[in-house]
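Written below as structure tokens is the structure these notes are about.
The values are calculated or read from the model by the stated rules, or taken from the named source; none is laboratory data. Predicted model, so just to flag it, every value in this text is computed and none were measured. Here the Cβ positions follow ideal geometry from the backbone for every residue, glycine too, while neighbour counts run over all protein chains shown.
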Amino acid sequence: MLNYKILVITVILFVFFINFSVADTNSDLQGRTQQLNQLKENINKKKAEKNRLIKEEKKVKKELQRISSSISHTEKQLKILQSKIKEAEKNLMYASKQYSEADKEKHFFNKQIENEVFLYNQRKAVKYFDYPLEFKIRQLSIQDKYYKFNTASNKGEKAQSNIGKYDKAKKEFLSLKNKQELLINRNKRLQQNKNEILKTTAGKRVKAEQDIKSLNDSAKALEALVKKLMQANKNQKRITSLRSANTDRRNNLPWPVEGEIILNYGKNKHPDLDTNVISNGIKIKTQNNAIIKSVDAGIVVFTGEFRSYGKIIIIDHKGVYFSVYGQLDTILVSEDQSISRGTTVAKVGSGDNAVLYFEIRQYNVPENPKLWLKEKK
């Protein structure tokens, strides 16, 4: 029973609000089918775009991983180079200090040798040494000074060689450091660029996924519509034959409200445009806050707001025909409520809103309500 009710409400609202009629089912079905095929084609295109973006995203992520790894490796190498530069500077400072000390020693002993040689030659020129031992001691003293002078000279040469070696090493390390820093900066710029590309690609991929979801939702809704149209097309002949099967209530139903018809069933001239509009029901202008009554016994299957029709009520009369009451101000019944003929179901508003929209549908086909309502005397 519940499933039947849901099916009834769905079909009635669907047909009611899209102005569906059996006469144009085939053309509508064809158009909706083409629209559905186009939607599916668009979905496939979006899926292909999404897959392409996923591949591009993976590629960019892989490149980013490589760049990050390269930056990390280069930064480690840079730390090692900085350590080597500090060590070279330390060795260079030590070698410079040794060279300075050796140079001082060399000049010191060179001065002493000059003094010793001068005294030795002066003494020798005046007279022979009084004692051979004194002569020997002076010779040994000069030799010792020469030895210390040569030692200081060797020490200075070695220190000078080390200065050149450590200075060259420092320059090489500094050159490598500059290259590593340039490589890091270049990779960081590349990393930033790839991150921007990844952000854009990911955004496009998310947008594609959202578009696919939206298109899928539309496709599902359209498939449901096509299914209903196909079913309506199959039942077209059966419905046509049944339209005359229930004639006992023709021209026998009471009016839902007293008033003047201001919109007729079928074609109506648009008040502002040079065209006709199709109405599946009639509009009755009535008194302010007029009471609306059910035209026959039945079960209320729908109550509530729906688009431009405002508040509406749909009543199922034994599954044979339905009555629809729209543009209501106050609804006085609830869904699943059983009612009798003449039961008060709603009220209209006042002024321009004192209007009732009324429909009769037999087997879900809209009919002229005036053919069902009692003729006014």
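Among residues of segment 252-272 that are assigned by TED's automatic domain parsing to the domain that holds Thr286 and farther than 13 Å from Tyr357 by Cα, those with a Cβ under 6 angstrom from a residue that is at pLDDT 85 or above and in a strand (DSSP E or B), sequence gap 6+ or separate chain, pair up as Leu253/Leu373.
Residues that are modelled with pLDDT under 95 and of a type in the set (Ser, Thr, Tyr) do not occur anywhere in segment 341-349. Annotation note: of Val301, Val295, the sole residue that is touching a residue at least 40 places away in the same chain (Cβ under 8 Å), assigned by TED's automatic domain parsing to the domain that holds Ile282 and not in a loop (DSSP other than H, G, I, E, B) is Val301.
The condition (being assigned by TED's automatic domain parsing to the domain that holds Lys168, surrounded by 12 or more Cβ atoms within 10 Å (Cβ to Cβ), modelled with pLDDT under 85 and basic (Lys, Arg)) is satisfied by just one residue among Lys84, Lys124, Lys111: Lys124. Residues in segment 353-377 that are crowded, with 18+ Cβ neighbours inside 10 Å, assigned to a loop (DSSP other than H, G, I, E, B) and at pLDDT 85 or above: Ala354, Trp372.
Taken over segment 291-325, the criterion of being buried (at least 22 other Cβ atoms within 10 Å of the Cβ) and within 22 Å of Asp352 (Cβ to Cβ) is satisfied by Ile292, Ile312, Ile313, Val324, Tyr325. When the residues of segment 256-309 are narrowed to those that are modelled with pLDDT of 80 or more and among the acidic types (Asp, Glu), which ends up farthest from Ser334 (Cα to Cα)? Filtering segment 256-309 for residues that are modelled with pLDDT of 80 or more and among the acidic types (Asp, Glu), the one farthest from Ser334 (Cα to Cα) comes out as Glu260. Can you work out which of the residues in segment 237-255 that are assigned to a loop (DSSP other than H, G, I, E, B) and modelled with pLDDT under 75 is nearest to Ser338 (Cα to Cα)? Among those residues, the one meeting the criterion is Arg249.
Looking at this structure, is Val324 touching a helix residue (DSSP H, G or I) at 6+ places or on another chain (Cβ under 9 Å) and modelled with pLDDT under 90?
On the way: touching a helix residue (DSSP H, G or I) at 6+ places or on another chain (Cβ under 9 Å): yes; modelled with pLDDT under 90: no.
Here the answer is no, as Val324 does not meet what is asked.
Scan segment 324-347 for residues that are within 47 Å of the chain's Cα centre (by Cα) and closer than 17 Å to Glu258 by Cα and report the count. Matching residues across segment 324-347 total 6.
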